[in-house]
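Asks: Here it is, the structure, as C-alpha cells.
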2 protein chains.
Amino acid sequence: MTNVDLQKTNAVEPEARAGDARAEAFQGVRAARRNELAEDYVELIAELIHNQGEARPVDIATKMGVTAPTVAKTLDRLARDGLITRAKYRSVFLTEEGRALAKECRHRHEIVLRFLIRLGLDPETAEHDAEGIEHHVSERTLALFAAFANRS
Amino acid sequence: MTNVDLQKTNAVEPEARAGDARAEAFQGVRAARRNELAEDYVELIAELIHNQGEARPVDIATKMGVTAPTVAKTLDRLARDGLITRAKYRSVFLTEEGRALAKECRHRHEIVLRFLIRLGLDPETAEHDAEGIEHHVSERTLALFAAFANRS
DNA sequence: GCCAAAAGTTAGACAAGGCTAACAATCTGC
DNA sequence: GCAGATTGTTAGCCTTGTCTAACTTTTGGC
Ligand SMILES: [Mn+2]
Ligand SMILES: [Mn+2]
Ligand SMILES: [Mn+2]
Ligand SMILES: [Mn+2]
C-alpha cells in the first residue's frame, strides 16, 4: 500500500524507498540492531585472544552474562557469517573479516567511552552506556565525539 | 570457572550476581533493547494523536517503515503490556502508563537530539542517531547531555 | 593413567519481531 | 447506498536470541 502509493506518486524515485525520513531512520536503527550482537562478540573475542591467548566459550559466556548454549548458538551464526572459525571443543578464532570488524568496534567503543568520560560521566556508567550507544553512532557523530574527547 | 572462582573468593557476595561488571553492562544493554520498540511506538502514537487527532495503524506502519501486520502484532503486545488500548478496526489509545512513558521518551529524545545538534551534527544525521542512542542513555548521561545542550 | 570436574554440545522450548498471502471491515465518491 | 479503494486482521512462516536439561568431550590432580 505504501509501496503502491510511492510508485504512483513518485515513479521517478531512484530507489523504491519506504516513505518519509522517519521511516528511514527507524529502518537504519533496526539495521544497526541486527549487528549489535556480532559486534560485541567479535570485540570481546579479540580482547580475550589478546589478554588470555585464546577465546574460550566459557569466558565469552561469563563476560557476556549469558549461558553456554546461548554462546554456542551465537558462535554458530558468527561462523556462518564468516566472522569466526571454530572446531568442536576448541576455542574460537577470528577470520580476517572478524578481525577487521573487531578492530573497528574497539575503536568506536574507545572513542564513545572517552567521550562520555570527558563529558563528565563516571567511568562505570560511561562503560555501561558506551556498550549500548556505540552501535548507534554514525561516522559523523563519531568524528565529533573524537574531537570532543581530544580537545585540550 | 569464573563462577566458581567468584564463589570461592567472594562467598559473602550479597547477590548471586552473574560475574563481573562487564556482564552487568551487557545485561543492562539487553534489558534496554527489550524496551526500545515499545518506547518508539508509544512516542510515535502520542505524536500522531497530537498531530492528527488519532493514531491509526496505517500511519504507524508508514512512519515506522514496517508492514501493517507487524504493527498489528506489536500493538497487541503493547496492549498486553498495558501501554495502549485498542478495539478492532479502531485507532489506538495510550493508557495512563503509556502516556507517561511517551512523555518520558519524548523528553529523552528531545534532549539527545538537541545535544547532537549542539555538538555540531547536521539535523538529519542527528535525528537518525538520536533514534538509536536515546534508548541507551542513563539518567546521568542524559543530565550531562541536557547541560551541554543548554550551555550558553 | 584414571576419573571427577569443567567445558562444550545438542535438543528442544519459547518470545519477539519481521514478512507475505489471504480475507474482512470500513470509508468514500459518485 | 454501493462499488472499489483503503485499512485492518488473521494465519502462518522465518530468524534471532534467550533459556533448561541432558549428554559428551576434554582436562587436570592425584
Ligand atoms: Mn556494545
Ligand atoms: Mn563494545
Ligand atoms: Mn528510538
Ligand atoms: Mn524516539
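Asks: Is it the case, given these coordinates, that A:H107 is surrounded by fewer than 17 Cβ atoms within 10 Å (Cβ to Cβ) and either within 7 Å of chain B (Cβ to nearest Cβ) or free of Cβ contacts under 8 Å to residues at least 40 places away in the same chain (or both)?
Replies: Considered against the rule, which asks whether it is surrounded by fewer than 17 Cβ atoms within 10 Å (Cβ to Cβ) and either within 7 Å of chain B (Cβ to nearest Cβ) or free of Cβ contacts under 8 Å to residues at least 40 places away in the same chain (or both), A:H107 comes out as yes.
Asks: Identify, by number, the condition in (1) buried (at least 20 other Cβ atoms within 10 Å of the Cβ); (2) among the small types (G, A, S); (3) within 14 Å of chain A (Cβ to nearest Cβ) that B:G98 doesn't meet.
Replies: Of (1) buried (at least 20 other Cβ atoms within 10 Å of the Cβ); (2) among the small types (G, A, S); (3) within 14 Å of chain A (Cβ to nearest Cβ), only one is false for B:G98: (3).
Asks: Then there's this: Among the residues in the range A:68-79, are any within 14 Å of chain B (Cβ to nearest Cβ) and among the aliphatic types (A, V, I, L, M)?
Replies: yes
Asks: Enumerate the pairs (first residue in the range B:119-143 and more than 7 Å from chain A (Cβ to nearest Cβ); second residue anywhere and buried (at least 24 other Cβ atoms within 10 Å of the Cβ)) with beta-carbon separation below 7 Å, excluding pairs fewer than 6 apart on the same chain, so at least 6 apart or on different chains.
Replies: B:A126/B:L116; B:A130/B:V112; B:A130/B:L116; B:E134/B:V112
Asks: A follow-up question, please. Working only within the range B:40-59, note down all residues that are farther than 20 Å from A:R33 by Cα and assigned to a helix (DSSP H, G or I).
Replies: B:I45, B:A46, B:E47, B:L48, B:I49, B:H50, B:N51, B:Q52, B:P57, B:V58, B:D59
Asks: Could you grab me the full set of residues in the range B:98-140 that are within 16 Å of DNA strand C (Cβ to nearest atom) and among the acidic types (D, E)?
Replies: Within the range B:98-140, B:E131, B:E134 qualify.
Asks: Residue by residue through the range A:46-66, note down the ones that are touching a Ser or Thr at 6+ places or on another chain (Cβ under 9 Å), among the aliphatic types (A, V, I, L, M) and within 16 Å of ligand 1 (Cβ to nearest atom).
Replies: Listed by number, the residues that qualify are A:L48, A:I60, A:M64, A:V66.
Asks: Additional query: Would you check if there is a residue in the range A:110-117 being without any contact (Cβ under 8 Å) to a residue 40 or more places away in the chain, surrounded by fewer than 16 Cβ atoms within 10 Å (Cβ to Cβ) and within 18 Å of B:E127 (Cα to Cα)?
Replies: Checking the range A:110-117: not a single residue is without any contact (Cβ under 8 Å) to a residue 40 or more places away in the chain, surrounded by fewer than 16 Cβ atoms within 10 Å (Cβ to Cβ) and within 18 Å of B:E127 (Cα to Cα).
Asks: Does A:G53 meet the test of being without any contact (Cβ under 8 Å) to a residue 12 or more places away in the chain and within 16 Å of ligand 3 (Cβ to nearest atom)?
Replies: no
Asks: Something else: Need a quick list: helices (runs of 4 or more DSSP H) entirely within the range B:87-152 having at least 2 residues that are in contact with an Asp or Glu (Cβ under 7 Å, 6 or more places away or on another chain).
Replies: Result: B:96-119.
Asks: Right, next: Suppose we keep only residues that are crowded, with 17+ Cβ neighbours inside 10 Å and in a loop (DSSP other than H, G, I, E, B) within the range A:15-30. Which one would you say is modelled with the highest pLDDT?
Replies: For the range A:15-30, the residue satisfying everything is A:G19.
Asks: Quick one: how many residues across the range A:49-89 are surrounded by 17 or more Cβ atoms within 10 Å (Cβ to Cβ) and within 22 Å of B:V29 (Cβ to Cβ)?
Replies: Of the residues in the range A:49-89, 16 are surrounded by 17 or more Cβ atoms within 10 Å (Cβ to Cβ) and within 22 Å of B:V29 (Cβ to Cβ).
Asks: Report, by residue number, each residue of the range B:126-152 that is hydrophobic (A, V, I, L, M, F, W, C), in contact with a Lys or Arg (Cβ under 9 Å, 6 or more places away or on another chain) and surrounded by fewer than 19 Cβ atoms within 10 Å (Cβ to Cβ).
Replies: B:L142, B:A146, B:F148, B:A149
The values are calculated or read from the model by the stated rules, or taken from the named source; none is laboratory data. Keep in mind that this is a model prediction, so the values were computed, not measured. Don't worry about glycine lacking a Cβ; one is built from the backbone with ideal geometry, like all the others, and counts go over all protein chains shown.
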